[in-house]
1. Pairs under 9 Å by beta carbon, first residue without any contact (Cβ under 8 Å) to a residue 24 or more places away in the chain in segment 42-59, partner part of a helix (DSSP H, G or I) and exposed (fewer than 13 other Cβ atoms within 10 Å of the Cβ), six or more apart or different chains?
2. If we keep just the residues of segment 64-83 that are touching a residue at least 24 places away in the same chain (Cβ under 8 Å) and more than 22 Å from N41 (Cβ to Cβ), which is surrounded by the most Cβ atoms within 10 Å (Cβ to Cβ)?
3. Please verify whether L79 is under 20 Å from Q8 (Cα atoms) and either assigned to a strand (DSSP E or B) or touching a strand residue (DSSP E or B) at 6+ places or on another chain (Cβ under 7 Å) (or both), treating the condition exactly as stated.
4. Restricting attention to segment 47-63, and to residues there that are at pLDDT 80 or above and aromatic (F, W, Y), which single residue is surrounded by the fewest Cβ atoms within 10 Å (Cβ to Cβ)?
Amino acid sequence: MTISYFWQFLVPVVTSFLDCSNCSDYIVTMCWQVLLCTMLNEMKSVDETFRELYRQNHYVGSYYENLRVGHPTEFDINLELQLPINESHIEVCFITIMLK
């Protein structure tokens, strides 16, 4: 599956929401939660592989770490997928790169 495949389902969901630029932070956050839930349910309904691999959401970034100074304009999320592999054969390495 490609992102363009999912895009055909995502666009109608996103465009169905109103502009929240003048809404309270609570309303914006609730809109985001409804959008995310709708999007994930739609992705699971149209793709069996995604439905089987999807495990949970990980909320990251300035909003969820209470670092956001102004009105929320973006929400970062990672989707955890469980790949059908033997994890004992995988070595995980983390690399941090600082760009100046």
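1. Short answer, once both residue conditions are applied: R51/S45.
2. Among them, the one singled out is P72.
3. Taking the combined requirement at face value, the residue satisfies it.
4. Y59
The values are calculated or read from the model by the stated rules, or taken from the named source; none is laboratory data. Remember, predicted model here, so these are calculated numbers, not experimental data. Please note: Cβ atoms are built from the backbone with ideal geometry, for glycine as well, and neighbour counts cover all protein chains shown.
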